[in-house]
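Report on the following structure.
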């Protein structure tokens, strides 16, 4: 049962996710992609399963600071969007929770308390 939660330590949404996982007695490993980065393979896996619209956070300040050319490239090509996410990890929606729990594969994106209770409760 190895669950990894990906995100940024200082993010308020991440703090809610940590608290909820602890309430549910879920052991996890934290991967801070601000400090540790993220590889293209992990992002590709998430995008393949969840879709780029779920993984790429267009509501944050990092997206808004991109040039119009960068935004257009990301909208036109999933590969370009993934490259931007590798370079700008704060544009990855948080948290991403991945791993195996009770012999089930888990991949969740974004904080949804009810979903966490369903999966881990």
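Read the figures in this text as sums done on the coordinates, not as results from a lab. All values derive from a computational prediction rather than experimental measurement. Positions of Cβ are generated from backbone atoms using ideal geometry, with glycine treated the same way; all protein chains shown enter the neighbour counts.
Output the relative contact order of the chain, whole-number percent, from Cα pairs under 8 angstrom with separation of 6+ residues.
Once divided by the residue count of the chain, the mean separation gives 37 percent.
Can you give the angle from 0 to 90° between the axis of helix 12-23 and the longest principal axis of the chain, with both taken from C-alpha atoms, to the nearest 10?
Rounded to the nearest ten degrees, it is 20.
Order these peptides, 88-99, 65-76, by their mean beta-carbon neighbour count within 10 angstrom, highest first.
Descending mean neighbour count gives 88-99, 65-76.
Work out how much length residue 9 to residue 104 would gain on full extension: take 0.36 nm times their residue separation and subtract the Cα-Cα distance, in nm to one decimal.
Length gained, residue 9 through residue 104: 31.6 nm.
Below 8 Å, C-alpha to C-alpha, sequence gap of six or more: please give me the relative contact order for the range 38-107 in percent.
It comes to 34 percent, rounded to a whole number.
Please express the Cα-Cα pair-distance distribution P(r) of the range 3-120 as a list of whole percents, one per 5 Å bin, running from 0 to the bin with the greatest distance.
Spelled out bin by bin, the range 3-120 gives 2, 11, 23, 24, 19, 12, 6, 3, 1 percent.
With angles folded into 0 to 90 degrees, how steeply does helix 40-50 sit against the dominant principal axis of the chain? Use alpha carbons for both and round to 10.
That helix lies at roughly 70 degrees to the long axis.
Between residue 61 and residue 18, what is the label-to-label distance in nm when each label sits 7 Å out along the Cα-to-Cβ direction?
2.0 nm
So for the chain: antiparallel DSSP bridges make up what percent, rounded to the nearest 5?
If we restrict to bridges inside the chain, about 75 percent are antiparallel.
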